[in-house]
Amino acid sequence: MEIKSTTDKIVKILLNPPLGWKKAEFSGLKFGNVIFPYLTGILVLCFLSRVIGKSLSYLSISSIQHIMFYSLFSLFVDYLFFISLVLSINALLPYNDSKADKTKVGFLLLISLLPFYASIIILNLLPSLFFLAIISFYSLFILYWGISKYLKINEKRQVIFFTLTSIIIIGIWLILHFIIIYPFFEFFI
C-alpha cells in the first residue's frame, strides 16, 4: 500500500511540480527504498530497452554478447551516476543552510530524472523519434521546483543551488559515459 501511495504522489509531482512538491511528504521512506524498488525498477526498464533497441538496430553488425555487455555497462554506469549524484548534491546542502539528508536528495533526484529516463527508454526502442529527447528538459523544471518546495533552500540561494545541481548532473553523466561507455562501445550512440 505504501508503494501505491508513494507512486500517486510521484505522479502528482510529475503532472504539476509546483503544487506536487508543495504537498509532497515522503516521511517513512529510507534511502534503501529509493534505490529498491524505485530506482532499480526504472533502471531495469532502461536495461531492457537497451537490449531490445540495440539488438534491433545493431545485431546485423554486432554480436549479442557485445550488446549485452553494453547494456550491463550502461546499467552499472546508471547506478554509479545516481549514487554519485546523491552524494555530491548531499554534500552541498550544509553550505546552503540545510541539513544533509540522503533520502530527501535521492528522492528529489529520482523524481526529477524520471523524464530523462523516459526519454532514454523511448530513444533506445524507437531511435527515429530522437526529437522526443526534449522531454529530458522537463527534468530541470521538476528539479527547480523540488529544490524550492521540497528541499526548502533559502530563496536567495535557490537559483545558485539549482545551477550547481544542473551542472553536476550533466557533468557527471557526461564524464561517466565518456570514460566508461564510449571508449568500449563507440558505434553505439
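Counting only Cα, what are the radius of gyration and maximum Cα-Cα distance Dmax of segment 52-104, in Å?
18.0, 55
Could you pull out the pairs from Lys22/Lys156; Lys9/Lys156; Lys104/Lys149 whose alpha carbons sit more than 21 Å apart here?
Among Lys22/Lys156; Lys9/Lys156; Lys104/Lys149, the Cα-Cα distance tops 21 Å for Lys9/Lys156.
HN-Hα J couplings of segment 57-66 from phi, Karplus 6.51/-1.76/1.60, θ = phi - 60°, integer Hz, Gly and Pro as x?
Listing the rounded values in order: 7, 10, 5, 6, 10, 9, 9, 5, 5, 5 Hz.
What net charge do the residues around Ser148 carry, taking every other residue with its C-beta under 13 Å from that of Ser148, with Lys and Arg at +1 and Asp and Glu at -1?
+4
Quick one: Ser166, Ser119, fewest Cβ neighbours within 10 Å first, how do they rank?
By the 10 Å Cβ count, ascending: Ser166, Ser119.
Per q in 0.08, 0.12 Å⁻¹, report the Debye log10 I(q)/I(0) for the chain, using one uniform scatterer on each alpha carbon and no solvent.
Debye intensities relative to I(0), on a log10 scale: -0.27, -0.61.
Once you place label points 7 Å from the Cα toward the Cβ at Leu59 and Lys12, how far apart are they in nm?
Output for this residue pair reads 4.4 nm.
How would you rank Lys54, Lys99, going from fewest to most other Cβ atoms within 10 Å of each one's own Cβ?
Ascending number of Cβ neighbours within 10 Å: Lys99, Lys54.
Express the relative contact order of the chain as a whole percentage, based on alpha carbon pairs under 8 Å and six or more residues apart in sequence.
Relative contact order of the chain: 27 percent.
Net charge within 14 Å of Pro127 by Cβ-Cβ distance, Lys/Arg positive one each and Asp/Glu negative one each, not counting Pro127 itself?
So the surrounding residues net to +2.
Relative to the Cα centre, what is the charge dipole magnitude of segment 2-181, using +1 at the beta carbon of each Lys and Arg, -1 at the beta carbon of each Asp and Glu, and rounding to the nearest 20 debye?
For this selection, approximately 340 debye.
If we count other beta carbons within 10 Å of each Cβ, what is the order of Val105, Val44, fewest first?
Neighbour counts put them in this order, fewest first: Val44, Val105.
Name the most mobile residue of Gly20, Gly171, Gly28, meaning the one with the largest mean-square fluctuation, in a Gaussian network model of the chain with Cα contacts below 10 Å.
Among Gly20, Gly171, Gly28, the largest mean-square fluctuation in the Gaussian network model of the chain belongs to Gly28.
Which one of Pro18, Phe36, Ser55 has its Cα pushed farthest toward the positive end of the charge dipole of segment 4-63, where Lys and Arg give +1 and Asp and Glu give -1 at the Cβ?
Towards the positive end, the residue furthest out is Pro18.
Any read-out appearing in this document is the output of simple, stated calculations on the displayed coordinates, not a laboratory observation. It should be emphasised that the depicted structure is a prediction, and the values quoted were computed from it without experimental measurement. With ideal geometry, Cβ positions are generated from the backbone for all residues, glycine too; neighbour counts draw on all protein chains shown.
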